[in-house]
Amino acid sequence: MTEEGSSEFAYVNYDGQLGTRIRSLRESQGMSIRGLARLAGTSQETVRQLESDPRANPTLETLLGVQQALGLASLEQLLGGFDRFPSRELAEERHSAGDGQIPLA
């Protein structure tokens, strides 16, 4: 998490349901808060805050760490509310073009 005022572009806004999604995904995988924090490269306190505070304002780096730790293919899957997953589509498009800049898991 970062302090308010550092950069307006450092934050990602979401619908307030992120914590519910993170908890649900974490629990469905049998993962503890400690385990998620370790895999995401963040603190247990940050994970607790994300799960319990609808006003939590995580950095993009934190969200990407959580997304990867939960094994999600795109950030949109973590944030929710998307009919399609543009970042995954872009990654697949670049990968199939052969530029090699975005490796797929």
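Here, each number is a calculation from the coordinates, and none is a lab measurement. Note that the structure is a prediction, hence the values are computed from the model and not measured. All Cβ positions, even for glycine, are placed from backbone atoms using ideal geometry, and neighbour counts span all protein chains on display.
Note on residue 44 and residue 73: with the Förster distance fixed at 25 Å, the Cβ-Cβ geometry gives a FRET efficiency of about 0.50. Rounded to the nearest 20, the size of the Cβ-charge dipole of the range 26-82 about its Cα centre is 140 debye, with Lys and Arg at +1 and Asp and Glu at -1.
Evaluating kT/(6 pi eta Rh) at 20 °C and 1.002 mPa s, with the Kirkwood radius of the range 30-71 over Cα pairs in the Stokes-Einstein relation, gives 212 µm² s⁻¹.
The amide H of residue 59, built 1.01 Å from its N in the peptide plane, has 2 as neighbours under 5 Å, considering only residues 5 or more places off or on other chains.
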